[in-house]
Amino acid sequence: MSYKFKITKISESGVSKLDFNNIPFGKVFTDHMFVADYIDGQWTNFEIKPIAPIPTHPGNMAWHYGQAIFEGMKATVDAARNPLLFRPEMHAVRFNKSASRMSMPEIPNDLFVQAVHNIVHMEKDWIPAQAGSALYIRPFMYATDETIGVKASETYKFIIFTMPVGPYYTNPVKLLAQDKYVRAVIGGVGEAKTAGNYAASLLPATMAKKEGYDQVMWLDGVHKKYVQEIGTMNIFFVINDEILTPNLDGAILAGITRDSMIQLFKSEGFKVTERPITIDELIEAGKNGSLTEAFGSGTAAVIAPASHIKHNDEVVELDMNNRKYSSWAFDTINGLKNRTVADKFNWIVPAEPYQE
Ligand SMILES: *Cc1c(COP(=O)(O)O)cnc(C)c1O
């Protein structure tokens, strides 16, 4: 931790106005944000200051050509209200992979991580303590050149803001696999957390909702046969007591919850296999009863069990009383994040305050 930040504190924190038992998801922002600029080939102007709009020129390249990437992470507290981060370094590494794919400058991992530590420590009074609640952390970067013309911008802004979020208790999700739209192809930008991927997913998601389904189950872009992921989560299935998840093929987003789940399941002695999984195989396993669970994994919802999978005219319904693996996964990740489950992989890192 060695970067110098200019710190300007808000005169009065908004935290006293927050009802911790009733936090609307994605609508409440904390007091401060971290901001840095990329100018003349280097990162500069490191600052933590009160959160406020940033005036932007209409010719800003990000609006037109979409150089915009982000991360999603969570901070939690232990029983003594110490602020904790979950695998922050891994988020820095993934952020830089997204940056490199989108022709954006990388930000030094230690600068990314220090900024996350310091802003979270500063906003620690905003971290809800209830199991499953957290401080959601949103680091992002976008192009700032005021130029029309398709090329990589030469200047960028990197910002981190944070938001308290309540437990994201999802009802079991209904998944719709369809052949018309795809999320990503190998060689495309599916592996990057870049803004346009989410814009592209909105129309298919709306169409799925009209059919009564909560999330699109994305199939591969070439064969429309292999399951990739759901909505904005990675996906796991349980068939004959074997936990299956699609292997990272270059089109799937490499989820940090996914990676954590694979390691945790293995360390518990559960059988986990990463391999291509076809939609036909899933429907078949659903019909003959060997498919017992399906669940999404991601930072926001942590684990989201699925109740239905639809493809063409076939619908598989899962027994929601059988959640052996998804419940274990949910309790283990949340327990780790509140330090009520032993952290044998050393994933939990106490957030450190800014030091001059
Ligand atoms: C962020 C994201 C995930 C989940 O990643 P986590 O690191 O577990 O939060 C999965 N799929 C997509 C498309 C995502 O954007």
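Worth pointing out:
For every residue, the table says whether it meets (1) within 16 Å of the ligand (Cβ to nearest atom); (2) surrounded by 14 or more Cβ atoms within 10 Å (Cβ to Cβ); (3) of a type outside the set (Ser, Thr, Tyr); (4) on the phi < 0 side of the Ramachandran plot.
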residue: 255; (1), (2), (3), (4): yes, yes, yes, yes
residue: 261; (1), (2), (3), (4): yes, yes, yes, yes
residue: 266; (1), (2), (3), (4): no, no, yes, yes
residue: 275; (1), (2), (3), (4): no, no, yes, yes
residue: 283; (1), (2), (3), (4): no, yes, yes, yes
residue: 286; (1), (2), (3), (4): no, yes, yes, yes
residue: 299; (1), (2), (3), (4): yes, yes, no, yes
residue: 303; (1), (2), (3), (4): yes, yes, yes, yes
residue: 311; (1), (2), (3), (4): no, yes, yes, yes
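- Counted residues, the stretch 226-246 - those being in contact with an Asp or Glu (Cβ under 7 Å, 6 or more places away or on another chain) and either on the phi > 0 side of the Ramachandran plot or open to solvent by 50 Å² or more (accessible area, probe 1.4 Å) (or both): 1
- Meets criteria (within 16 Å of the ligand (Cβ to nearest atom), on the phi < 0 side of the Ramachandran plot and open to solvent by 20 Å² or more (accessible area, probe 1.4 Å)) for residue 215: yes
- Flag for residue 121 being open to solvent by 40 Å² or more (accessible area, probe 1.4 Å) and within 22 Å of the chain's Cα centre (by Cα): yes
- Tabulated pairs, the stretch 13-37, first of a type in the set (D, E, K, R), second in a strand (DSSP E or B), C-beta under 7 angstrom, 6+ apart or interchain: 31/50; 37/44; 37/45; 37/157
- Number of the condition not met by residue 234 [criteria: (1) away from the ligand (no atom under 16 Å from the Cβ); (2) outside any loop (DSSP other than H, G, I, E, B); (3) in contact with a Ser or Thr (Cβ under 7 Å, 6 or more places away or on another chain); (4) not aliphatic (A, V, I, L, M)]: (1)
- Close pairs (6 angstrom Cβ cut-off, 6 or more residues apart or separate chains): under 24 Å from residue 142 (Cα atoms) in the stretch 72-96, within 9 Å of the ligand (Cβ to nearest atom) and of a type in the set (S, T, N, Q) anywhere: 72/299; 74/299
- Residue match in the stretch 157-168 (condition: under 30 Å from residue 226 (Cβ atoms) and in contact (Cβ under 8 Å) with a residue 12 or more places away in the chain): yes
- The condition of being open to solvent by 90 Å² or more (accessible area, probe 1.4 Å), on the phi < 0 side of the Ramachandran plot and hydrophobic (A, V, I, L, M, F, W, C) does not hold for residue 43.
- Subset of the stretch 329-356 (residues that are surrounded by 13 or more Cβ atoms within 10 Å (Cβ to Cβ), closer than 21 Å to residue 255 by Cα and more than 20 Å from the chain's Cα centre (by Cα)): 343
- When the stretch 54-70 is filtered for residues that are surrounded by fewer than 22 Cβ atoms within 10 Å (Cβ to Cβ) and part of a loop (DSSP other than H, G, I, E, B), the ones remaining, listed by number, are 54, 55, 56, 57, 58, 59, 66.
- Out of 174, 193, sole residue that is in contact (Cβ under 8 Å) with a residue 24 or more places away in the chain, in contact with a helix residue (DSSP H, G or I) (Cβ under 9 Å, 6 or more places away or on another chain) and away from the ligand (no atom under 16 Å from the Cβ): 174
- Single residue of the stretch 253-305 satisfying the filter (among the small types (Gly, Ala, Ser) and without any contact (Cβ under 8 Å) to a residue 24 or more places away in the chain) that is nearest to residue 192 (Cα to Cα): 269
- Filter result for residue 118 (at pLDDT 95 or above and touching a helix residue (DSSP H, G or I) at 6+ places or on another chain (Cβ under 7 Å)): no
- Selection within the stretch 39-50 - touching a residue at least 60 places away in the same chain (Cβ under 8 Å) and closer than 15 Å to residue 5 by Cα: 43, 46, 48
- Looking at the stretch 280-325, the strands (runs of 3 or more DSSP E) lying wholly inside it that each contain 2 or more residues that are under 15 Å from residue 229 (Cβ atoms) sit at 291-298, 302-311.
- Residue identified as over 16 Å from residue 160 (Cα atoms) and of a type in the set (Val, Ile, Thr) among 39, 48, 54, 7: 39
The values are calculated or read from the model by the stated rules, or taken from the named source; none is laboratory data. Here the structure is a predicted model, which is why all the values come from computation and not from measurement. Here the Cβ is made from the backbone with ideal geometry for all residues, glycine too, and neighbour counts use every protein chain on show. Each accessible area value is taken on the protein alone, full model and side chains, heavy atoms only, with ligands, DNA and RNA left out. Shrake-Rupley method; radii C 1.70, N 1.55, O 1.52, S 1.80 Å.
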